[in-house]
Amino acid sequence: AALDVQGKEHVQVLAWGGDGATFDIGMTSLSAAASYNENVLYVCYDNEAYMNTGNQMSTATLPGTVTTTTTEPGLAGKRKKDIVEIMAAHRIPYAASASIGYPLDLQKKVQQARSLKGFKFIHIHTPCPTGWRLPPEEVVDVARLAVRARIQPLYHVLDGHTYVIDADPDPVPTSEYLVTQRQRMSTLTAEETDWIQRDVDRRWEMLVSRSKHNPA
């Protein structure tokens, strides 16, 4: 608003927040800004919990994950909130998913977003060495594995209806991704792992179906 008053139309406002601030605490103001199509680029870095305050569960936490506030083991019938789909439903100019494991894709998406006027949203999957009990040198590999397992598909949506899949690497079973996080996924049973696989497959099929008529 201050930039509008000053007539500065070429400054890109950037907002940066974690999954707790984005998926949960800030959802009301985030939705309002998107609904009014404010000329803002909002970036969410998602490490799937409230890591700054001790690894508490958020609505970005993958089902079956052990956190300091997990009230019961197992999946408990929950799914991770699909934040990109929620933002795309606002019919904003640009909503995208990204990963720290694919920096060139992220760079391209930032450039795409900056070229558009209105509200833009980029979701970055960001494994946390501390909260996930990962050696720092393994974080990028785990992030890439999340994309290959289709836990974190890379795609973008234009104006809420044009879907483009940005990467389709050779897939691996979700179990191959989950096993890298033995401590935070320690309660998962074989049946629950199968449930996650089916849920991931269903979501991927939906993305492929929506992008069929919108090739990259």
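The values are calculated or read from the model by the stated rules, or taken from the named source; none is laboratory data. Note that the coordinates shown come from a computational prediction; the quantities given were computed from them, not determined experimentally. Using ideal geometry, Cβ is built from the backbone for each residue, glycine included, and neighbour counts are taken over all protein chains shown. Quick note on the areas: whole protein, heavy atoms, side chains included, nothing else; ligands and nucleic acids left out. Shrake-Rupley method; radii C 1.70, N 1.55, O 1.52, S 1.80 Å.
Our note on the geometry: Cα centres of the stretch 136-183 and the stretch 1-76, 19 Å apart. Note on Asp201: accessible area is roughly 60 Å² with a 1.4 Å probe, heavy atoms of protein only. Comparing the stretch 1-59 with the 2.2 N^0.38 Å rule of thumb, its C-alpha radius of gyration ratio is 1.35 (two decimals). Surface exposure of the chain, expressed per residue as accessible area with a 1.4 Å probe, stands at 51 Å². Between Asp82 and Leu14, the modelled labels are 3.0 nm apart [label points 7 Å from Cα along Cα→Cβ]. Accessible area ranking (1.4 Å probe, heavy atoms, ligands and nucleic acids excluded), largest first, for Leu154, Leu116: Leu116, Leu154.
When the label point is put 7 Å from the Cα of Asp201 along its Cα-to-beta-carbon vector, which residues of the stretch 135-155 have a backbone N closer than 18 Å? What the label zone holds, given the 18 Å backbone N cut-off, is 148-153.
Report, please, the projected area of the stretch 108-203 averaged over directions, based on the convex hull of its C-alpha atoms, in nm².
7.5 nm²
Loop-located trypsin sites (Lys or Arg not before Pro) in the stretch 84-185 (DSSP state other than H, G, I, E, B) with a sparse environment of at most 15 neighbouring Cβ atoms within 10 Å: Lys117, Arg133, Arg182. Modelled spin labels at Gln183 and Thr130, positioned 7 Å past Cα toward Cβ, are 1.3 nm from each other.
Here, the chain is characterised by an Rg to Rh ratio of 0.97, where Rg is the alpha-carbon radius of gyration and Rh the Kirkwood radius. Dividing the helix sum by the residues of the chain, where each DSSP H run of 4 or more adds -39500 (n - 2.57), gives a mean residue ellipticity at 222 nm of -9500 deg cm²/dmol.
Normalising the average separation of contacting C-alpha pairs (under 8 angstrom, six or more residues apart) by the number of residues puts the relative contact order of the chain at 19 percent.
Expressed as a whole percent, the accessible area of the stretch 112-208 that falls on carbon and sulfur atoms is 50 (1.4 Å probe). Accessible area of Leu14 (1.4 Å probe, protein heavy atoms only, ligands and nucleic acids ignored): about 110 Å².
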